[in-house]
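Below you'll find the structure, written out as structure tokens, and then a few comments.
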Amino acid sequence: MRLSKSFVKTFREVGKEETARNAELLIKAGYINKEMAGVYSYLPLGLRVLRKIEDIIREELDAIGCEEIQMTALQNPEPWEKSGRWNSDKMDIWFKTDLSSGGQLGLAPTHEEPITNMMKKFISSYKDLPVYAYQFQTKFRNELRAKSGILRTREFLMKDLYSFTTSEEEHNKFYEDVTEAYYRIYDRLGIGDDTYKCFASGGVFSKYSHEFQTFLPVGEDKVYYNKDKSVVLNEEVLNDEVLADLKVKRKNLKETTAAEVGNIFTLKYKFSEPLDLEYNDKDGKRQTVFMGCYGIGVSRVMGVIVEKYADEKGLVWPMEIAPYHMYIIGIGKKGEKLAEMMYEDLQMSGQDIAILDDRDISVGQKFNDADLMGIPYRIVVSDKTIEKGGYEMTRRDDGKTTFCPLELTEEQEVILERAGR
């Protein structure tokens, strides 16, 4: 990215209506644009972060045998009517639209019904199972009050995975595989140290579901945990029955706030029964498919990472999801020329890992923008550093600066000589 060629700009201030720190910083740094309450567009830098989060999730899910699909956002009411969830009294977060030809369509808040309906074409025998299918899909939820920046929005990017198995035993094994995959995902995203599997309500599906909660001061959820954090409970299931079941005492639990970054549910036959998703077992008998679902809010996770790492200067990205690894600044005629050559060398080698700040603005503003954007390494090449035989590299997370020697080719030395005249 050459900043002189990009439409992206940074901002010193954002509207007073934006109170969430994650959205405020992402808007200031040129990662997102607020369209309306609970709705954000992702600009080039923000989109790169989203894609890198996606890639990490995709790699870990593919490794446990999942297959990626892409379903539609527009929803046919029929399968939802069969499950009873088309009625807005049963599920009040629908966005629905009237067709000019008559009838209605919905914008998907989730995809249990359509994927169950679709699998009727592909699952007929025990030989067709198990199936583990996932997607990255924009979801739409008519939240009563969209708040907390990109932590809770009306339109958001989600990874939703659905499992179809012959039995609860087969399901439970995969459930644990997903749990371990989620831990690896959160470790790679840089939030693993503060993220815990949390007991939550299973609703009509099962006794419990599980959430993955990142302990965070601005989190919307209240959770309780024991000393070694081996037991973490959402406030909604904090009662005597659950405490006895988990063999913990209320007096030994501490309270904190947390942000949900994932959830896993045992669905059993909640959707396969009303939608008639069945298979023939080894004896030729018809059996109902056992189901589970597993979600990660991709854009929500991005907001959690911002909240966890940002400081008074701006964003601070972990290396694996940073939009770029280096922010290159040239100072002086020779410095600017060498910065240009360093950037071009990276591009020619296929490493799209650097921002070149070649704008006609002050050096101080470039330094401020490098901090605000949160790029892991700031590379400064100046006439003075060239005289010393290298460049300065400053880490964004701890501010430590290292001098890095750089050997110039004869051709580069000639070019720099001319640039300095």
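The values are calculated or read from the model by the stated rules, or taken from the named source; none is laboratory data. The structure presented is a predicted model; accordingly, all values stated were derived computationally and were not measured. We place every Cβ from the backbone using ideal geometry, glycine too, and count neighbours over all the protein chains shown.
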Residue match in the stretch 343-353 (condition: in contact with a helix residue (DSSP H, G or I) (Cβ under 9 Å, 6 or more places away or on another chain) and buried (at least 22 other Cβ atoms within 10 Å of the Cβ)): no
Selection within the stretch 382-415 - aliphatic (A, V, I, L, M) and within 34 Å of the chain's Cα centre (by Cα): MET393
Residue check, LYS120 among the charged types (D, E, K, R), in contact with a strand residue (DSSP E or B) (Cβ under 9 Å, 6 or more places away or on another chain) and closer than 25 Å to SER41 by Cα: no
Total residues in the stretch 271-309, condition within 33 Å of the chain's Cα centre (by Cα) and either surrounded by fewer than 20 Cβ atoms within 10 Å (Cβ to Cβ) or not aromatic (Phe, Trp, Tyr) (or both): 24
The stretch 15-44, residues that are over 18 Å from GLY374 (Cα atoms), of a type outside the set (Gly, Ala, Ser) and in a loop (DSSP other than H, G, I, E, B): LYS16, GLU17, GLU18, THR19
Extreme residue, nearest to ASN117 (Cα to Cα), among residues of the stretch 83-105 that are part of a strand (DSSP E or B) and within 29 Å of the chain's Cα centre (by Cα): LEU105
Every pair of residues 6+ apart whose Cβ atoms lie under 6 Å, when the first sits in the stretch 267-286 and is without any contact (Cβ under 8 Å) to a residue 12 or more places away in the chain while the second is acidic (Asp, Glu): ARG286/GLU278
Condition broken by GLU168, with the remaining ones in (1) exposed (fewer than 15 other Cβ atoms within 10 Å of the Cβ); (2) on the phi > 0 side of the Ramachandran plot satisfied: (2)
Top-ranked residue in the stretch 194-206 [being in a loop (DSSP other than H, G, I, E, B) and in contact with a Ser or Thr (Cβ under 9 Å, 6 or more places away or on another chain); ranked as surrounded by the most Cβ atoms within 10 Å (Cβ to Cβ)]: PHE205
Answer from ILE123, ILE53 - the residue that is assigned by TED's automatic domain parsing to the domain that holds GLU170, in contact with a helix residue (DSSP H, G or I) (Cβ under 8 Å, 6 or more places away or on another chain) and closer than 23 Å to GLY295 by Cβ: ILE53
Residues being assigned to a loop (DSSP other than H, G, I, E, B) and in contact with a helix residue (DSSP H, G or I) (Cβ under 6 Å, 6 or more places away or on another chain) - total across the stretch 373-421: 2
Residue tally, condition farther than 13 Å from MET342 by Cβ and of a type in the set (Phe, Trp, Tyr), over the stretch 381-421: 1
Some residue of the stretch 202-212 being charged (D, E, K, R), closer than 25 Å to VAL49 by Cβ and either touching an Asp or Glu at 6+ places or on another chain (Cβ under 6 Å) or not assigned by TED's automatic domain parsing to the domain that holds LEU161 (or both): yes
Odd one out for LEU406 among (1) out of contact with any Ser or Thr (no Cβ under 6 Å at 6 or more places or on another chain); (2) surrounded by fewer than 20 Cβ atoms within 10 Å (Cβ to Cβ); (3) closer than 30 Å to LEU25 by Cα: (3)
The stretch 71-82 - residue that is within 19 Å of MET158 (Cβ to Cβ) and in contact with a Phe, Trp or Tyr (Cβ under 8 Å, 6 or more places away or on another chain) and, of those, surrounded by the fewest Cβ atoms within 10 Å (Cβ to Cβ): ALA73
Looking only at the stretch 391-403, and only at residues there that are out of contact with any Ser or Thr (no Cβ under 9 Å at 6 or more places or on another chain) and surrounded by fewer than 17 Cβ atoms within 10 Å (Cβ to Cβ), the one that is nearest to GLY332 (Cα to Cα): GLY399
Check on ILE115, in contact (Cβ under 8 Å) with a residue 60 or more places away in the chain, out of contact with any Cys (no Cβ under 6 Å at 6 or more places or on another chain) and aliphatic (A, V, I, L, M): no
